[in-house]
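These notes concern the structure reproduced below.
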Amino acid sequence: MKIPVAIVVPTFNRKKLLVECLSMIRTQTVQPELVIVVNDGSSDGTAEILQNDFPEVIAVNGDGSWWWTGSVNLGIDYVLKNHPHIKGIILQNDDVKFNENWIENLMAVAGENPKALIGSLTVDVADGDRITYAGKSTHPWFAYSKYYHRNRKLSSFSKPLLIESFDLIGRGIYIPIEVFHELGLFDFEHFKHRGDTELPLRAKYAGYKLLVSSRALVMEYTNTTAAVDIKEKYGFKDFKPKFFDFRSSAYWKYRYYYGKILAKNPVQHMVFFTCRMFIHFAGFAARFRPF
(Lines give C-alpha, C1' and ligand atoms only; values in the text may rest on other atoms or scores of the structure.)
Protein backbone atom coordinates (compact mmCIF):
# COMPACT_ATOMS: atom_id res chain seq x y z
CA MET A 1 0.00 0.00 0.00
CA LYS A 2 1.39 3.38 -1.01
CA ILE A 3 1.96 5.83 1.83
CA PRO A 4 0.80 9.34 0.82
CA VAL A 5 3.71 11.64 1.61
CA ALA A 6 4.72 15.25 1.18
CA ILE A 7 8.33 16.26 0.56
CA VAL A 8 9.47 19.55 2.08
CA VAL A 9 12.56 21.34 0.71
CA PRO A 10 13.82 24.52 2.44
CA THR A 11 15.86 26.92 0.33
CA PHE A 12 17.55 30.31 0.42
CA ASN A 13 19.33 31.91 -2.57
CA ARG A 14 20.47 28.65 -4.17
CA LYS A 15 18.32 28.55 -7.26
CA LYS A 16 20.72 26.43 -9.32
CA LEU A 17 20.88 23.73 -6.66
CA LEU A 18 17.12 23.96 -6.12
CA VAL A 19 16.38 23.47 -9.82
CA GLU A 20 18.58 20.37 -9.85
CA CYS A 21 16.86 19.03 -6.73
CA LEU A 22 13.33 19.61 -8.04
CA SER A 23 14.25 18.10 -11.40
CA MET A 24 15.39 14.93 -9.61
CA ILE A 25 12.14 14.82 -7.63
CA ARG A 26 10.21 15.21 -10.86
CA THR A 27 11.79 12.04 -12.30
CA GLN A 28 11.24 9.81 -9.25
CA THR A 29 9.74 6.39 -9.92
CA VAL A 30 7.34 6.98 -7.01
CA GLN A 31 6.01 10.50 -6.81
CA PRO A 32 5.12 12.25 -3.55
CA GLU A 33 1.57 13.52 -3.16
CA LEU A 34 2.90 17.03 -2.54
CA VAL A 35 6.16 18.85 -3.23
CA ILE A 36 6.58 21.90 -0.99
CA VAL A 37 9.43 24.37 -1.29
CA VAL A 38 9.84 26.79 1.59
CA ASN A 39 11.48 29.85 0.07
CA ASP A 40 12.86 31.81 3.01
CA GLY A 41 13.08 35.24 1.40
CA SER A 42 15.39 34.41 -1.52
CA SER A 43 16.39 37.37 -3.70
CA ASP A 44 18.02 35.44 -6.55
CA GLY A 45 14.93 34.74 -8.67
CA THR A 46 13.89 31.56 -6.86
CA ALA A 47 10.24 32.66 -6.63
CA GLU A 48 10.04 33.30 -10.38
CA ILE A 49 11.63 29.96 -11.23
CA LEU A 50 9.15 28.12 -9.02
CA GLN A 51 6.22 29.94 -10.58
CA ASN A 52 7.33 29.54 -14.19
CA ASP A 53 9.18 26.23 -14.31
CA PHE A 54 7.71 24.15 -11.48
CA PRO A 55 3.97 24.87 -11.37
CA GLU A 56 3.31 21.58 -9.55
CA VAL A 57 5.34 22.77 -6.56
CA ILE A 58 3.62 24.46 -3.63
CA ALA A 59 5.68 27.48 -2.63
CA VAL A 60 5.54 28.56 1.02
CA ASN A 61 7.31 31.84 1.64
CA GLY A 62 9.32 32.92 4.66
CA ASP A 63 10.73 36.35 5.42
CA GLY A 64 14.43 35.46 5.49
CA SER A 65 14.62 34.83 9.22
CA TRP A 66 13.42 31.23 9.45
CA TRP A 67 16.62 29.36 8.59
CA TRP A 68 16.40 25.56 8.37
CA THR A 69 14.29 24.82 11.42
CA GLY A 70 11.71 27.53 10.94
CA SER A 71 11.50 26.80 7.22
CA VAL A 72 10.74 23.09 7.58
CA ASN A 73 8.24 23.95 10.31
CA LEU A 74 6.42 26.25 7.88
CA GLY A 75 6.22 23.46 5.31
CA ILE A 76 5.11 20.80 7.79
CA ASP A 77 2.54 23.13 9.34
CA TYR A 78 1.10 23.82 5.88
CA VAL A 79 0.63 20.08 5.36
CA LEU A 80 -0.95 19.53 8.77
CA LYS A 81 -3.46 22.34 8.25
CA ASN A 82 -4.37 21.72 4.60
CA HIS A 83 -3.77 18.06 3.74
CA PRO A 84 -4.97 15.73 6.52
CA HIS A 85 -4.69 12.66 4.22
CA ILE A 86 -0.88 12.89 4.20
CA LYS A 87 0.67 10.13 6.32
CA GLY A 88 4.32 11.11 6.26
CA ILE A 89 6.77 13.95 5.66
CA ILE A 90 10.06 13.66 3.79
CA LEU A 91 12.58 16.41 4.50
CA GLN A 92 15.27 17.00 1.91
CA ASN A 93 17.95 19.64 1.45
CA ASP A 94 18.50 21.29 -1.91
CA ASP A 95 22.28 20.64 -1.93
CA VAL A 96 22.15 16.91 -2.60
CA LYS A 97 21.77 14.41 -5.42
CA PHE A 98 19.78 11.20 -5.46
CA ASN A 99 18.82 8.48 -7.92
CA GLU A 100 15.38 8.17 -9.51
CA ASN A 101 14.33 5.37 -7.12
CA TRP A 102 15.30 7.20 -3.92
CA ILE A 103 11.72 7.96 -2.77
CA GLU A 104 10.53 4.50 -3.82
CA ASN A 105 13.22 2.83 -1.74
CA LEU A 106 12.76 5.19 1.21
CA MET A 107 9.05 4.49 1.32
CA ALA A 108 9.61 0.74 0.98
CA VAL A 109 11.78 0.81 4.10
CA ALA A 110 9.19 2.98 5.85
CA GLY A 111 6.46 0.48 4.98
CA GLU A 112 8.54 -2.34 6.46
CA ASN A 113 9.15 -0.34 9.66
CA PRO A 114 5.86 1.43 10.45
CA LYS A 115 6.87 2.95 13.81
CA ALA A 116 10.21 4.37 12.72
CA LEU A 117 11.82 7.47 11.32
CA ILE A 118 13.97 6.53 8.32
CA GLY A 119 17.15 8.41 7.43
CA SER A 120 19.01 8.17 4.15
CA LEU A 121 22.57 6.90 4.14
CA THR A 122 24.78 9.50 2.46
CA VAL A 123 27.90 9.29 0.35
CA ASP A 124 30.23 11.97 -0.99
CA VAL A 125 28.91 13.26 -4.31
CA ALA A 126 32.46 13.54 -5.64
CA ASP A 127 33.17 9.87 -4.89
CA GLY A 128 29.77 8.21 -5.02
CA ASP A 129 30.91 5.31 -2.85
CA ARG A 130 32.54 6.85 0.25
CA ILE A 131 30.11 6.84 3.18
CA THR A 132 29.74 10.19 4.93
CA TYR A 133 26.77 9.34 7.16
CA ALA A 134 25.25 6.02 8.22
CA GLY A 135 24.02 6.90 11.69
CA LYS A 136 25.92 7.09 14.95
CA SER A 137 26.10 6.04 18.58
CA THR A 138 26.51 8.60 21.39
CA HIS A 139 27.36 7.97 25.03
CA PRO A 140 24.42 9.32 27.07
CA TRP A 141 26.72 10.65 29.82
CA PHE A 142 30.13 11.40 28.35
CA ALA A 143 28.87 12.62 24.96
CA TYR A 144 31.45 11.01 22.70
CA SER A 145 30.07 9.75 19.39
CA LYS A 146 31.01 7.05 16.93
CA TYR A 147 29.86 7.50 13.34
CA TYR A 148 29.10 4.15 11.77
CA HIS A 149 31.12 3.17 8.70
CA ARG A 150 32.30 6.73 8.01
CA ASN A 151 34.71 6.85 5.02
CA ARG A 152 34.17 3.17 4.24
CA LYS A 153 33.21 2.13 0.71
CA LEU A 154 29.53 1.36 0.41
CA SER A 155 30.38 -1.21 -2.26
CA SER A 156 32.33 -3.21 0.34
CA PHE A 157 29.06 -4.34 1.94
CA SER A 158 27.38 -7.37 0.39
CA LYS A 159 23.90 -6.52 1.72
CA PRO A 160 21.93 -3.29 2.12
CA LEU A 161 22.51 -1.59 5.45
CA LEU A 162 19.75 -0.82 7.93
CA ILE A 163 21.31 0.73 11.03
CA GLU A 164 19.68 1.89 14.25
CA SER A 165 21.04 5.33 15.11
CA PHE A 166 21.20 7.47 18.24
CA ASP A 167 19.68 10.41 16.35
CA LEU A 168 19.05 11.36 12.72
CA ILE A 169 19.90 14.28 10.46
CA GLY A 170 17.44 16.09 8.22
CA ARG A 171 19.03 15.23 4.90
CA GLY A 172 16.59 12.81 3.28
CA ILE A 173 14.57 11.76 6.33
CA TYR A 174 11.09 10.26 6.43
CA ILE A 175 8.94 11.10 9.49
CA PRO A 176 5.50 9.57 10.09
CA ILE A 177 2.88 12.27 10.41
CA GLU A 178 1.80 11.03 13.85
CA VAL A 179 5.16 12.14 15.23
CA PHE A 180 4.14 15.76 14.66
CA HIS A 181 0.70 15.18 16.14
CA GLU A 182 2.25 13.62 19.26
CA LEU A 183 5.36 15.77 19.73
CA GLY A 184 4.78 18.99 17.79
CA LEU A 185 7.14 20.60 15.30
CA PHE A 186 10.91 21.09 15.43
CA ASP A 187 12.11 23.32 18.29
CA PHE A 188 12.80 26.62 16.54
CA GLU A 189 13.25 28.54 19.79
CA HIS A 190 16.37 26.62 20.83
CA PHE A 191 17.55 25.16 17.51
CA LYS A 192 17.26 27.93 14.96
CA HIS A 193 19.57 26.33 12.41
CA ARG A 194 20.63 22.94 13.82
CA GLY A 195 17.20 21.62 14.60
CA ASP A 196 17.23 18.46 12.52
CA THR A 197 18.58 16.15 15.24
CA GLU A 198 16.40 17.20 18.16
CA LEU A 199 12.97 16.01 16.97
CA PRO A 200 14.20 12.50 16.03
CA LEU A 201 15.77 12.27 19.50
CA ARG A 202 12.46 13.20 21.11
CA ALA A 203 10.71 10.67 18.89
CA LYS A 204 13.10 7.94 20.02
CA TYR A 205 12.24 8.59 23.66
CA ALA A 206 8.57 8.48 22.69
CA GLY A 207 8.96 4.93 21.37
CA TYR A 208 9.95 5.32 17.71
CA LYS A 209 12.95 3.64 16.12
CA LEU A 210 15.54 5.73 14.30
CA LEU A 211 16.92 3.86 11.28
CA VAL A 212 19.37 4.71 8.50
CA SER A 213 18.99 2.80 5.23
CA SER A 214 21.47 2.40 2.39
CA ARG A 215 18.59 1.55 0.07
CA ALA A 216 17.60 5.21 0.36
CA LEU A 217 20.87 6.67 -0.85
CA VAL A 218 21.69 10.38 -0.99
CA MET A 219 24.84 11.99 -2.38
CA GLU A 220 25.90 15.12 -0.51
CA TYR A 221 28.14 18.06 -1.32
CA THR A 222 30.44 17.97 1.70
CA ASN A 223 31.59 21.59 1.28
CA THR A 224 28.20 23.31 1.60
CA THR A 225 27.87 23.20 5.39
CA ALA A 226 28.74 26.14 7.66
CA ALA A 227 32.24 27.37 6.77
CA VAL A 228 33.44 27.32 10.37
CA ASP A 229 32.67 23.59 10.58
CA ILE A 230 34.82 22.53 7.63
CA LYS A 231 37.93 24.61 8.25
CA GLU A 232 41.18 22.66 8.36
CA LYS A 233 42.74 25.13 10.79
CA TYR A 234 41.49 27.78 13.19
CA GLY A 235 42.81 31.14 14.34
CA PHE A 236 41.80 33.55 17.12
CA LYS A 237 39.09 35.09 14.97
CA ASP A 238 37.36 31.71 14.60
CA PHE A 239 36.65 31.19 18.31
CA LYS A 240 33.50 33.31 18.46
CA PRO A 241 31.81 31.93 15.32
CA LYS A 242 32.75 28.38 16.31
CA PHE A 243 31.05 28.49 19.72
CA PHE A 244 28.63 31.45 19.59
CA ASP A 245 27.27 31.43 16.02
CA PHE A 246 24.02 29.45 15.71
CA ARG A 247 25.15 28.11 12.32
CA SER A 248 28.01 26.20 13.94
CA SER A 249 27.67 22.60 15.08
CA ALA A 250 29.53 23.60 18.28
CA TYR A 251 27.11 26.43 19.18
CA TRP A 252 26.78 26.22 22.98
CA LYS A 253 23.03 26.79 23.09
CA TYR A 254 22.36 23.98 20.63
CA ARG A 255 24.51 21.60 22.68
CA TYR A 256 22.90 22.68 25.95
CA TYR A 257 19.34 21.98 24.85
CA TYR A 258 20.26 18.82 22.96
CA GLY A 259 21.67 17.48 26.24
CA LYS A 260 18.51 18.51 28.03
CA ILE A 261 16.41 16.32 25.73
CA LEU A 262 18.38 13.15 26.39
CA ALA A 263 19.19 13.60 30.09
CA LYS A 264 17.07 11.87 32.73
CA ASN A 265 18.18 14.24 35.48
CA PRO A 266 20.05 17.57 35.91
CA VAL A 267 23.34 15.87 36.78
CA GLN A 268 23.36 13.83 33.60
CA HIS A 269 22.46 16.96 31.65
CA MET A 270 25.38 18.99 32.96
CA VAL A 271 27.85 16.11 32.60
CA PHE A 272 26.76 15.51 29.01
CA PHE A 273 26.83 19.20 28.11
CA THR A 274 30.25 19.74 29.72
CA CYS A 275 31.76 16.70 28.02
CA ARG A 276 30.28 17.63 24.65
CA MET A 277 31.68 21.14 24.82
CA PHE A 278 35.05 19.82 25.98
CA ILE A 279 35.14 17.59 22.88
CA HIS A 280 34.47 20.61 20.67
CA PHE A 281 37.08 22.72 22.47
CA ALA A 282 39.62 19.90 22.08
CA GLY A 283 38.86 19.68 18.36
CA PHE A 284 39.27 23.42 18.03
CA ALA A 285 42.58 23.34 19.90
CA ALA A 286 43.90 20.50 17.74
CA ARG A 287 43.44 22.63 14.64
CA PHE A 288 44.39 25.94 16.22
CA ARG A 289 47.16 27.81 14.39
CA PRO A 290 47.69 31.26 16.00
CA PHE A 291 49.93 32.53 13.18
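Size of the dipole of the chain about the Cα centre, Lys and Arg at +1 and Asp and Glu at -1 on the beta carbon, nothing else charged, in debye to 20?
Dipole size: approximately 1360 debye.
Excluding ARG289 itself, what net charge comes from residues whose Cβ is under 13 Å from its Cβ, given Lys and Arg +1 and Asp and Glu -1?
On the way: positive: LYS231, LYS233, LYS237, ARG287; negative: GLU232, ASP238.
Taking every other residue near ARG289 into account, the sum is +2.
Run the simple label-point estimate for ALA282 and TYR221 please: 7 Å along Cα→C-beta, distance reported in nm.
Each label point is offset 7 Å from its Cα along the Cβ direction, giving 3.4 nm.
Multiply the residue separation of ASN82 and GLU189 by 0.36 nm, subtract the distance between their alpha-carbon atoms, and state the gained length in nm to one decimal.
Contour length minus Cα-Cα distance gives 36.1 nm.
Among HIS269, PHE191, ILE89, which residue has its Cα furthest toward the positive end of the charge dipole of the chain, with +1 on Lys/Arg Cβ and -1 on Asp/Glu Cβ?
The one lying farthest along the dipole's positive direction is HIS269.
Rounded to the nearest 500 deg cm²/dmol, what is the calculated helix-only ellipticity per residue at 222 nm for the chain, with -39500 (n - 2.57) per DSSP H run of length n ≥ 4? Write out the running numbers ahead of the final one.
On the way: 9 runs with 100 residues, N = 291.
That comes out to -10500 deg cm²/dmol.
Using a simple spin-label model with points 7 Å from Cα along the Cα→Cβ vector, what separation in nm is obtained for ASP63 and HIS139?
4.5 nm
Given the pairs LYS136/LYS159; LYS209/LYS253; LYS242/LYS264; LYS240/LYS260, which span a C-alpha to C-alpha distance of over 21 angstrom in this model? Working shown, then result.
Numbers: LYS136/LYS159 19 Å; LYS209/LYS253 26 Å; LYS242/LYS264 28 Å; LYS240/LYS260 23 Å.
As for pairs spanning more than 21 Å Cα to Cα, those are LYS209/LYS253; LYS242/LYS264; LYS240/LYS260.
About the Cα centre of the stretch 1-48, how large is the charge dipole given +1 on each Lys and Arg Cβ and -1 on each Asp and Glu Cβ? Please answer in debye to the nearest 20.
Around 160 debye, computed over the stretch 1-48.
Which FRET efficiency value, to the nearest 0.05, is calculated for ALA206 and TRP252 with the Förster distance at 22 angstrom and r the Cβ-Cβ distance?
Working: r = 26 Å, r/R0 = 1.20.
For ALA206 and TRP252, the calculated efficiency is 0.25.
Among VAL79, SER65, VAL125, which residue has its Cα furthest toward the positive end of the charge dipole of the stretch 1-125, with +1 on Lys/Arg Cβ and -1 on Asp/Glu Cβ?
It is VAL79, whose Cα lies furthest towards the positive end.
Nearest 0.05, what FRET efficiency do ASN99 and GLU182 give at R0 = 35 Å with Cβ-Cβ as r?
Efficiency at R0 = 35 Å is approximately 0.60.
If we sort 171-179, 30-38 on the protection proxy, mean other Cβ atoms within 10 Å, highest first, what's the order? Walk me through the numbers before you get to the answer.
Numbers: 171-179: 22.2, 30-38: 20.3.
Taking the mean over residues of other Cβ atoms within 10 Å, the ranking is 171-179, 30-38.
Multiply the residue separation of ARG152 and THR274 by 0.36 nm, subtract the distance between their alpha-carbon atoms, and state the gained length in nm to one decimal.
40.9 nm
Relative contact order, percent, of the chain when contacts are C-alpha pairs under 8 Å separated by at least 6 residues?
Working: 560 pairs, mean separation 56.0, N = 291.
Answer for the chain is 19 percent.
If Lys and Arg each add +1 and Asp and Glu each add -1, what is the summed charge of the other residues whose beta carbon sits under 13 Å from the beta carbon of TYR205?
+2
Mind pulling the angle between the C-alpha long axis of helix 67-82 and the longest principal axis of the chain? Nearest 10 degrees, somewhere in 0 to 90.
In the chain, helix 67-82 runs at an angle near 40 degrees to the longest axis.
Taking a quarter of the surface of the convex hull around the Cα atoms of the stretch 1-87, what do you get in nm²?
Working: hull surface 22.6 nm².
If you wrap the Cα atoms of the stretch 1-87 in a convex hull and average its projections, you get 5.7 nm².
Accessible area per residue, 1.4 Å probe, Å², for the chain: what's the number? Please list the in-between numbers first.
Working: 13780 Å² over 291 residues.
Accessible area per residue: 47 Å².
Straight-line reach from LYS231: which aspartates and glutamates have a Cα under 16 Å away, not including same-chain ones fewer than 8 places off?
Hits, sequence-local ones excluded: ASP245.
What is the percent carbon and sulfur in the accessible area of the chain, measuring with a 1.4 Å probe over the protein chains and ignoring ligands?
Here carbon and sulfur together make up 56 percent of the probe-accessible area.
Under 13 Å from the Cβ of GLY88, count the other residues' Cβ atoms, weight Lys and Arg +1, Asp and Glu -1, and hand me the total.
Values: positive: LYS2, LYS87, LYS115; negative: GLU33, GLU178.
So the environment of GLY88 carries a net charge of +1.
Can you list the HN-Hα couplings for the stretch 253-261, worked out from phi with the Karplus curve (6.51, -1.76, 1.60; θ = phi - 60°), rounded to whole Hz and with x for Gly and Pro?
Couplings: 5, 4, 5, 5, 6, 4, x, 5, 5 Hz.
The values are calculated or read from the model by the stated rules, or taken from the named source; none is laboratory data. Note that the structure is a prediction, hence the values are computed from the model and not measured. Positions of Cβ are generated from backbone atoms using ideal geometry, with glycine treated the same way; all protein chains shown enter the neighbour counts. Just the protein is used for accessible areas: all its heavy atoms, side chains included, with ligands, DNA and RNA removed. Shrake-Rupley method; radii C 1.70, N 1.55, O 1.52, S 1.80 Å.
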